[in-house]
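These notes are about the structure you will find just below.
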Amino acid sequence: MILGSFCAAFAVYSAYVWTAATDIPQHRPPGDQVKAGLALFQEKNCIACHQLYGLGGHMGPDLTNVVSAPDKGVDHAKAFIESGTSKMPNFNLGEKQVDALVQFLKFVDSSGTYPAKTPEMSWYGTVAYGAAKHTQ
């Protein structure tokens, strides 16, 4: 009787731990505009100066989460893409090209966070990414 209760409790606990917080966001496949933005990002060799997920050049900022950063956003990204800066050339891109690059940056932004978060572990062994803090 007691052994059966422990086995039942173990089974319920195992099922809970196995399924708790296991929802992984599913990405839609990139659309044509995102693919065009990726092609343009590669054609203009943006990775020579910028980084995605910490990989790439170091002259410009990391662009992984530029569109969701509190002090930046879509308009911020568009302004730099359209006019350039003293260090970044103005590529004289058309409106469709700028929109494609922004859509690509949105797609990259939706795929993760950089720098990586340090997750907090719950007492029962699952990872709580919602309460995670950034590492520096």
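Read-outs throughout are calculated quantities, based only on the coordinates presented, and are distinct from any laboratory measurement. None of these values were measured; they are calculated from a predicted model. Because the Cβ atoms are built from the backbone with ideal geometry, glycine has one as well, and the counts that use them run over all protein chains shown.
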Note to self: Just to confirm the number: angle between the C-alpha axis of helix 95-110 and the first principal axis of the chain, 0 to 90 degrees, nearest 10?
What the structure shows: 20 degrees
Notebook entry, point to check: How far is helix 32-43 tilted off the main Cα axis of the chain, in degrees rounded to 10, range 0 to 90?
Noted result: 60 degrees
Next item on the list: For Lys72 paired with Lys35, estimate the spin-label separation in nm (one decimal), with each label point 7 Å from Cα along the Cα-to-Cβ line.
Entry: 2.6 nm
Check: Using a Cα distance threshold of under 13 Å, what count of lysine pairs results for the chain when pairs must be 8 or more residues apart or interchain?
Finding: 6
Notebook entry, point to check: Going by alpha carbons, how many degrees (0 to 90, nearest 10) lie between the helix axis of 74-83 and the longest principal axis of the chain?
Noted result: 30 degrees
Margin query: Relative contact order of region 31-109, please, whole-number percent, based on alpha carbon pairs below 8 angstrom and at least 6 residues apart.
Written below: 36 percent
Notebook entry, point to check: Label points 7 Å out from Cα along the Cβ direction at Tyr16 and Ala79: separation in nm?
Noted result: 5.0 nm
Note to self: Given R₀ = 30 Å, what would the calculated FRET efficiency be for Glu95 paired with Asn45, taking r from the Cβ atoms and rounding to 0.05?
What the structure shows: 0.90
Checklist line | Full-stretch length increase - Leu55, Val127 - with 0.36 nm per residue and alpha-carbon distance subtracted | finding: 23.3 nm
Checklist line | Among (1) 20, 17, 15; (2) 44, 16, 11; (3) 66, 9, 8, the entry derived from the coordinates for semi-axes √(5λ) of the Cα gyration tensor in Å | finding: (2)
